[in-house]
Amino acid sequence: MAEGLSLANASAFSEIIRAVDGDSVLRLNYYPRTGCAGDPRSPVLFRNKRREGVSAVGFGEHSDPQMLTVLRSNGVDGLQISLEDGVWIPVPSDPSAFWVNVGDTLQAMTNGRFMSVRHRAVTNPHESRMSMVYFAAPPLHAQIMSPPEMVTPQRPALYRPFTWAEYKSTTYSLRLGDTRLNLFKTA
Ligand SMILES: O=C(O)CCC(=O)C(=O)O
Ligand SMILES: [Fe+2]
């Protein structure tokens, strides 16, 4: 990525992710099947489009606060992304591929060139779903700021420098769906 952005330091991002005191985490999510409408055990929230059963929001809408997210699920669909408010695009599950999300921190480090994506996970009516998600994060004390090449008079810094510790504690003091990066804007 750093190479693609023509940064002088081609390992600018990978160095931070690979630091021995990095704060990266692995999360396993489990979403039980939601069943069919009328099944008294299912938490019916909405019918899916094909009316084959019912789906519920299993993991509410949010952006990931870290730098990069690498996700793989068990071949059951459920992940959705939103590029436009209120419009959800399903990401077909591919058990032989990884899905990569840009997180808020990388958005700040690229001065908004890469955008962190809003996403959520819905349950599947017929099959339970599992996802395995690796969140690549900087060390707690790392300063999050754009490399000089990303800031120009035409494109001034969008965010003030902050530490990952500061961003992480802000994240956990807010609600899951809040757009917390806005709090770090310069103007
Ligand atoms: O399970 C999924 O597909 C998404 C999970 C997720 O967004 C997360 O763990 O941050
Ligand atoms: Fe997420």
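The values are calculated or read from the model by the stated rules, or taken from the named source; none is laboratory data. The structure displayed is predicted, hence computed values, not measured ones. With ideal geometry, Cβ positions are generated from the backbone for all residues, glycine too; neighbour counts draw on all protein chains shown. Accessible surface is based on the protein model in full, side chains and every heavy atom, while ligands, DNA and RNA are left aside. Shrake-Rupley method; radii C 1.70, N 1.55, O 1.52, S 1.80 Å.
So, VAL122, is that one among the β-branched types (Val, Ile, Thr) and in contact with a Leu (Cβ under 7 Å, 6 or more places away or on another chain) or not? Before the answer, list the steps.
On the way: among the β-branched types (Val, Ile, Thr): yes; in contact with a Leu (Cβ under 7 Å, 6 or more places away or on another chain): no.
It is false that VAL122 is among the β-branched types (Val, Ile, Thr) and in contact with a Leu (Cβ under 7 Å, 6 or more places away or on another chain).
Scanning the range 71-97 for residues that are of a type in the set (Val, Ile, Thr) and over 16 Å from the mean Cα position of the chain (by Cα), we see that the one that is most open to solvent (accessible area, probe 1.4 Å) is VAL87.
Being modelled with pLDDT of 95 or more, under 23 Å from GLY4 (Cβ atoms), open to solvent by 20 Å² or more (accessible area, probe 1.4 Å) and among the aliphatic types (A, V, I, L, M) is a description that does not apply to MET67.
Each row is one residue, and each column tells you yes or no for (1) within 14 Å of ligand 2 (Cβ to nearest atom); (2) assigned to a strand (DSSP E or B); (3) modelled with pLDDT of 95 or more.
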residue	(1), (2), (3)
GLN80	yes, yes, yes
LEU83	no, yes, no
PHE114	no, no, yes
HIS119	yes, yes, yes
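Checked against the criterion of being open to solvent by 30 Å² or more (accessible area, probe 1.4 Å) and within 15 Å of ligand 2 (Cβ to nearest atom), the candidates MET145, MET132 yield just one match: MET132.
For the range 1-25, which positions are among the polar types (S, T, N, Q), part of a loop (DSSP other than H, G, I, E, B) and touching a residue at least 12 places away in the same chain (Cβ under 8 Å)? Working first, answer last.
So in the range 1-25, the residues among the polar types (S, T, N, Q) come out as 6, 9, 11, 14, 24.
Subsequent filtering for residues that are part of a loop (DSSP other than H, G, I, E, B) retains 6, 9, 11, 24.
Listed by number, the residues that qualify are SER6, ASN9, SER24.
Summed over the range 148-173, the residues that are assigned to a loop (DSSP other than H, G, I, E, B) and either surrounded by 12 or more Cβ atoms within 10 Å (Cβ to Cβ) or in contact with a strand residue (DSSP E or B) (Cβ under 8 Å, 6 or more places away or on another chain) (or both) give a count of 6.
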